[in-house]
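Everything on this sheet refers to the single structure shown next.
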2 protein chains.
Amino acid sequence: MQTLIIVAHPEIAASSTQQFLRRGAELVAADWQPLMSEFNVATEQAKLRAAKRIIWQFPLYWYSAPAILKAWQDQVLTSKFVLHEHGLAGKELGIVATTDTKASDYQSGAAEQFTMAELLRPYQALANKAGMHWLPPFVLHQFSYQTETQQQQLLIAYQQYLTLPQPATFAQRQHWFAQRLQQMIATATGERKTQLTLIAQQLATKQDELAELRWTIEQMRGDD
Amino acid sequence: MQTLIIVAHPEIAASSTQQFLRRGAELVAADWQPLMSEFNVATEQAKLRAAKRIIWQFPLYWYSAPAILKAWQDQVLTSKFVLHEHGLAGKELGIVATTDTKASDYQSGAAEQFTMAELLRPYQALANKAGMHWLPPFVLHQFSYQTETQQQQLLIAYQQYLTLPQPATFAQRQHWFAQRLQQMIATATGERKTQLTLIAQQLATKQDELAELRWTIEQMRGDD
């Protein structure tokens, strides 16, 4: 599936979070497109036509994307392209937002008063108008405060957000991870290859156990 | 009360709606400030400090303001100014939005799926964070399709939105209108002066009748 990531960030090169995500996106062959202040409307529309899943990725500034994304939307998403030619119809729209504030602040009664779903309504309304399929937004709260392990876990979740059907089931995410592991084993050498092979074997054993448990549960249900 | 209207429109001079509203704003001595792509942050912050009521006025493009307002917000509303110096605290924030789509489209199940209140959440969240008092938004739907009389009525509602406590009571709006009429009589001459004086007299008679009715109702309530 062709995923196009449009990154709206005034200083992409200086953002360690964006650079971290960029490496993750490249590993799953998503198309990483940082927004520049100058762009060609026809070229941008062609890129959108070619994509199946479109991601708008940005840090949240005053509860929406930086101005550069709005400028791009105002100019590229013309009525002709979106409403008459249905240039975005049937495609998926995902939001990857980063924020320095914590997740629990986004609820009624808390510091931010509104949920992230409420704050992202303008983008959801756009998806609706354009005939797009709106994906559950992927929000990274206080990413730079996370431990390295947490960041790696978030990176996997991000890669799955870019590539898997959304919302992804547990089985789909598990299958995705096993596949990625096989790819890593294929390119690894020496001790690293041995370690990765061991992890894959352990994972496969656990998967067999899980499958067995699931089968038992189904039998029990069938007995009722 | 000092009301500052920040108008974000890529072609203000060519917009008949904005020009119409501008004349209304000038009559109530509101400060009309069209946003330019170049601005000085310190000057803009000084204007905001001087205002009691701040209005962001714009046509709705993809469910939010044109990019020029977001660029201004991203640059002028610094953390230092808004969060540390509390530069906007205690002020009122109003939104005047124009759209070519009809009011009934903005509800669940209708064409736009979301209410205008939902779509304007990012601005409301900003008001909340900045310690501002959020006014009920003033939305003009399909203004150019209205009759001349309807447009004049909307202009009065707009002028009241700029100047009266919000939401304004019926008595406040009535008092405002009577005052405006007296101002017009003062500057009119000849037949126009006679006509306006007649209207003012009729309005005063109706107000007396209303006051009498209200008094009667209060008496009846008192008898219970």
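The values are calculated or read from the model by the stated rules, or taken from the named source; none is laboratory data. Please read all numbers here as calculations on a predicted model, not as lab measurements. Here the Cβ is made from the backbone with ideal geometry for all residues, glycine too, and neighbour counts use every protein chain on show.
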Output for segment A:177-198, where each listed residue is aliphatic (A, V, I, L, M) and part of a loop (DSSP other than H, G, I, E, B): A:Ala188
Top-ranked residue in segment B:7-19 [being touching a residue at least 12 places away in the same chain (Cβ under 8 Å) and either part of a loop (DSSP other than H, G, I, E, B) or not assigned by TED's automatic domain parsing to the domain that holds B:Pro59 (or both); ranked as nearest to the chain's Cα centre (by Cα)]: B:Ala8
Criterion (more than 14 Å from every other protein chain (Cβ to nearest Cβ), assigned to a helix (DSSP H, G or I) and surrounded by 14 or more Cβ atoms within 10 Å (Cβ to Cβ)) met by exactly one of B:Gln201, B:Gln153, B:Gln160: B:Gln160
List pairs: first in segment A:138-164 and on the phi < 0 side of the Ramachandran plot and assigned by TED's automatic domain parsing to the domain that holds A:Thr115, second of a type in the set (Lys, Arg) and in a loop (DSSP other than H, G, I, E, B), Cβ under 7 Å, 6+ apart or cross-chain? A:His141/A:Lys102
Could you please find all residues in segment B:84-113 being among the acidic types (Asp, Glu) and without any contact (Cβ under 8 Å) to a residue 60 or more places away in the chain? B:Glu85, B:Asp100, B:Asp105, B:Glu112
Within the bounds of segment B:74-83, is there any residue that is at negative phi, out of contact with any Gly (no Cβ under 7 Å at 6 or more places or on another chain), of a type in the set (Lys, Arg) and at pLDDT 95 or above? yes
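To keep it simple, each residue is scored yes or no on (1) within 19 Å of B:Ser64 (Cα to Cα); (2) touching a residue at least 12 places away in the same chain (Cβ under 8 Å); (3) under 16 Å from the mean Cα position of the chain (by Cα).
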site: A:Gly24; (1), (2), (3): no, yes, yes
site: A:Ala50; (1), (2), (3): no, yes, no
site: A:Gln57; (1), (2), (3): yes, yes, yes
site: A:Leu60; (1), (2), (3): yes, yes, yes
site: A:Gln73; (1), (2), (3): yes, yes, no
site: A:Thr78; (1), (2), (3): yes, yes, no
site: A:Val82; (1), (2), (3): yes, yes, no
Could you figure out which of (1) touching a residue at least 40 places away in the same chain (Cβ under 8 Å); (2) loosely packed, with under 14 Cβ neighbours inside 10 Å isn't true of A:Pro167? (1)
Counting only residues that are more than 8 Å from chain B (Cβ to nearest Cβ), surrounded by fewer than 18 Cβ atoms within 10 Å (Cβ to Cβ) and of a type in the set (Ser, Thr, Tyr), give me the helices (runs of 4 or more DSSP H) lying completely in segment A:41-145 with at least 1 of them. A:41-50
Based on what the data block shows, is B:Val28 in contact with a helix residue (DSSP H, G or I) (Cβ under 9 Å, 6 or more places away or on another chain) and within 14 Å of chain A (Cβ to nearest Cβ)? no
Being in contact with a Phe, Trp or Tyr (Cβ under 8 Å, 6 or more places away or on another chain) and part of a helix (DSSP H, G or I) is the filter here, so list the residues in segment B:21-40 that pass it. B:Leu21, B:Arg22, B:Gly24, B:Ala25, B:Glu26
